[in-house]
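Remarks on the structure that follows.
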Amino acid sequence: MKAIPYPVLPLLAVLLVLLAPCPGWLLSPLRGQTPSPAESAIRFEATELPFVLRNNATKEKHLPEIVPGGIAALDYDGDGRMDLFFTNGARLPGLRKQGAGDFNRLYRNTGKGFEDVTYQAGLTGDGYDMGVAVGDFDNDGHPDLFVAGVDHNTLYRNQGDGRFEDVTAKAGLALPPNHKPRPWAVGGAFLDYDKDGLLDLFVVHYVHWDPATEPRCIRREVADYCHPDNYQGLANALYRNNGDGAFTDVSAQAGINAFIGKGMSVTVADYDDDGFPDLFVANDKVFNFLLRNTGKGSFEELSFEAGVAAAQHGKPVSGMGAHFADVDNDGKPDLIFTALPDETFPLYRNAGKGLFEDVTFASGLAVLSRRMGGWGVGLMDFDNDGWRDLFVARGEALSPEGHLGMAVKQPNSVLRNRGGARFEDLTEAAGLLTRNPQLYRGAAFADFDGDGRLDVAVSALNAAAELWRNVSANPHSWLAVLPRGTRSNRDGLGARITITVGGKRYSAERNFNVGYASSSAGPTHFGIGAANIIDRVEIGWPSGVQQVLEKIPANQVLRVTEPER
């Protein structure tokens, strides 16, 4: 997973960034000017959670040890408070959990804290788990869980009484015995790709890993983790929801398994505005995939044509977490993904007509993220000013230099959007240096305390998970929209929500997959600045129904049911 520094960034690009005249917002990060904590528009306070992510590292340096850590934020019991689910590792090379320290964990939000309800819910798990996707696949009003792992995936059906049922085999998702190559899923995404009102499942696969044939890598006479170049990539998978509780593997007919990658995350959006959800897969050290939904049951890979196959220098990077979101408020989903130090975090502006423009340098991210390693990521409006900010769960892969497996730990970071995708680093001013650096991995975003400000939960290898509560002191208003589909899927995934406030328009497409191996399955959140009334809320449902609400008071969770006709 360690980034191989490209020889040198193109000289012209570097000179343009460092020497050419540029606006003040770009000079600010270069000069190191950051607000003091008292002046910061965004501020967090950290609380430790009782979960510890166990990667069960061995002297053999098995590759799965460095990449677990997915989190889900969801309201599993329907009480209006966002709960937390953490995936966990297992013993290697056997891939089985051996005790409570290896269990996945579900924490119920009581309103006063988090209560461990893992055992009652039946979610301890069994294998070496990596990521989690949330979606109500049976449209019964209760969010279900897909847990991705090494040689073992699990689909849990939420029974609505606080318990989950393992329906993997019943749903047709069980992997056949002695399956070759051994599948390694890092995460997945629920989406209604065929718009039949049922959530289908896309599964992201990483590399072919087998402990019996795994290469051994030695650097400076010390065993270390091997670079992903030493492993064969895998095709991803697509499962169509039959509507009877089971799924059918349609990877071949949909064209998904024609592309071999090393997938680390997937994010979903209708990037070309044709009414069908598309997929972006961030790959590790190979070119990314942009899978355009043709609307005819198949996908075509257009990453090169659209301009998102690689970073600006033209080489693939260590793609980690990814997120589609409208960062410049032009109504079109833009794209960001994280990588490792010396690679930057590429940011692509959706230019329309199926094309993206690389704005990594223009946004300031080329400079700000150059020394960062990023995994979990989310474009979220933390100060409710109407512009999406950037949170990154940071950490290197374990050292490839052979320094006895020493880890490169980093703090989390928040980069504030000053308007139009122009970022400044608020890591210190926002309070994110009050905790010791860790090897952070997953991140999930939700308003856990119900105060209208988005919080963040993060996991870290062999360290306590953390809840970063948003305590930003600003008077800005907000609106959270919670759609309920009737003709469309119950979660309203794929719905385009646009609000108008004082002549300004803010847009979001409803999808749960955010960042690395994680899901944020809460209401769709908008910051709206100083306004107290939303003039207009427009929802374009996947079914094609267009719904409009007017004069909506701010600072509330707005529950909206899709009209049946």
If each of E165 and T110 carries a label point 7 Å out from its Cα toward its Cβ, how far apart are those two points in nm? 3.0
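Give me the extension gain from E538 to T213: residue separation times 0.36 nm, minus the current Cα-Cα distance, reported in nm with one decimal. Spell out each step's value before the answer.
On the way: separation 325, 0.36 × 325 = 117.00 nm, distance 5.43 nm.
Once the chain is fully extended between E538 and T213, it gains 111.6 nm.
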Let me know the charge dipole size of the range 453-550 about its Cα centre in debye, to the nearest 20, where only the beta-carbon of Lys, Arg (+1) and Asp, Glu (-1) is charged. 160
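Quick one: net charge around G386, please, counting Lys, Arg +1 and Asp, Glu -1 for every other residue with C-beta under 12 Å from its C-beta.
-2
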Using the alpha-carbon centroid of each, what span in Å lies between the range 106-184 and the range 185-229? 18
FRET efficiency, Q120 to N462 (Cβ-Cβ, R0 22 Å, nearest 0.05): 0.25
Nearest 500 deg cm²/dmol is fine: what mean residue ellipticity at 222 nm does the chain get from its DSSP H runs of n ≥ 4 alone, each adding -39,500 (n - 2.57), divided by its residue count? -1000 deg cm²/dmol
Using a 1.4 Å probe over the heavy atoms of the protein chains, calculate the carbon and sulfur portion of the accessible area of the chain as a whole percent. 50
About its Cα centre, what dipole magnitude does the chain give when the only charges are +1 on Lys and Arg Cβ and -1 on Asp and Glu Cβ, stated in debye to the nearest 20? 960
Loop-only check: which trypsin sites (Lys or Arg not before Pro) in the range 453-496 are DSSP coil with at most 16 other Cβ within 10 angstrom? R487
Quote the charge dipole size of the range 239-286 about the Cα centre in Debye, to the nearest 20; the model charges only the Cβ of Lys and Arg (+1) and of Asp and Glu (-1). 340
Which shape class applies to the range 199-355: rounded if a/c is under 1.5, otherwise prolate when a/b exceeds b/c and oblate if not, where a ≥ b ≥ c are the square roots of the Cα gyration tensor eigenvalues? oblate
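Looking at the chain, what % of the alpha carbon pairs are farther apart than 35 Å? Don't skip to the end; give the middle numbers.
Values: 47029 of 159330 pairs.
Result for the distance tail: 30 percent.
In Å², what does the accessible area per residue of the range 300-354 work out to with a 1.4 Å probe? Numbers along the way, then the final one.
Values: 1530 Å² over 55 residues.
Ligands and nucleic acids excluded, the figure is 28 Å² per residue.
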Note down the accessible area of T154, probe 1.4 Å, to the nearest 10 Å². 10
Short version: ³J(HN,Hα) in whole Hz for each residue of the range 182-197, in order, from phi by Karplus 6.51 cos²θ - 1.76 cosθ + 1.60 (θ = phi - 60°), x for Gly and Pro, what are they? 4, x, 10, 9, 8, x, x, 8, 8, 7, 9, 5, 9, 6, 9, x
For G374, enumerate residues with amide H under 5 Å from its amide H, sequence gap 5+ or separate chain, H modeled in the peptide plane. A339, L340, G395
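For E300 and D140, FRET efficiency with R0 = 41 Å and r from the beta-carbon atoms, rounded to 0.05?
Working: r = 34 Å, r/R0 = 0.82.
It comes out at approximately 0.75.
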Net charge around T498, counting only other residues with Cβ within less than 14 Å of its Cβ (Lys, Arg = +1; Asp, Glu = -1)? -2
Calculated log₁₀ intensity ratio I(q)/I(0) where the Debye formula runs over C-alpha points of the range 87-229, q = 0.12, 0.13, 0.15, 0.21 Å⁻¹: -0.58, -0.67, -0.84, -1.37
Among the listed pairs K504/K551; K180/K262; K59/K180; K353/K504, which have their C-alpha atoms separated by more than 19 angstrom in this model? K59/K180; K353/K504
Note down the nm distance, to one decimal, between modelled labels 7 Å out along Cα→Cβ at E221 and at A246. 6.0
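All other residues with a Cβ under 10 Å from the Cβ of L368 taken together, and with Lys, Arg as +1 and Asp, Glu as -1, what is their net charge?
Values: positive: R370, R371; negative: E424, D425.
Summing Lys/Arg as +1 and Asp/Glu as -1 gives 0.
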How far apart, in nanometres, would the label points at N436 and N555 be if each is projected 7 angstrom from Cα along the Cα-to-Cβ direction? 4.1
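The values are calculated or read from the model by the stated rules, or taken from the named source; none is laboratory data. A quick note: this is a predicted structure, and the numbers were derived from the prediction, not measured. Cβ: placed from backbone, ideal geometry, glycine included. Neighbour counts: every protein chain shown. We work out accessible area using only protein heavy atoms, side chains counted, and drop any ligands, DNA or RNA first. Shrake-Rupley method; radii C 1.70, N 1.55, O 1.52, S 1.80 Å.
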